[in-house]
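Below: the structure, in structure tokens.
The values are calculated or read from the model by the stated rules, or taken from the named source; none is laboratory data. Since we're looking at a predicted model, the values are computed, not measured. Glycine gets a Cβ as well: all are built from the backbone with ideal geometry, and neighbour counts include every protein chain shown. Protein only, heavy atoms only, side chains kept; ligands, DNA and RNA dropped before computing areas. Shrake-Rupley method; radii C 1.70, N 1.55, O 1.52, S 1.80 Å.
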Amino acid sequence: MRRIDLLGVDEVPDGTMKMAWVDATDPVLVINEGGEIRAVQGICSHEYFELDRGFLTGDTLTCA
């Protein structure tokens, strides 16, 4: 497993999310919820839609 630095903590303020790209091809959505940083696959699995265009409500992410 390799470690990849995607974004700086200051680039994703609390309660927001931002898309980052691994090797310019793989989208990763970085989410800051209450100061806890999480990273998830950046594409919706059922609509193939970029999740950074979706909605973050608490700990629930909904695609647009």
Q | Only one of R3, R38, R53 that is open to solvent by 60 Å² or more (accessible area, probe 1.4 Å) and at pLDDT below 90 | A | R3
Q.
Residue pairs, Cβ under 9 Å, 6 or more apart or interchain, first in segment 27-53 and within 9 Å of M17 (Cα to Cα) and in contact (Cβ under 8 Å) with a residue 60 or more places away in the chain, second open to solvent by 80 Å² or more (accessible area, probe 1.4 Å) and assigned to a strand (DSSP E or B). List them.
A. none
Q: Check segment 9-25 and report whether any residue there is in a loop (DSSP other than H, G, I, E, B), touching a Lys or Arg at 6+ places or on another chain (Cβ under 6 Å) and not small (G, A, S).
A: yes
Q: Specify which of the listed residues (A64, A24, A20) is free of Cβ contacts under 8 Å to residues at least 60 places away in the same chain, surrounded by 10 or more Cβ atoms within 10 Å (Cβ to Cβ) and more than 12 Å from the chain's Cα centre (by Cα).
A: A64
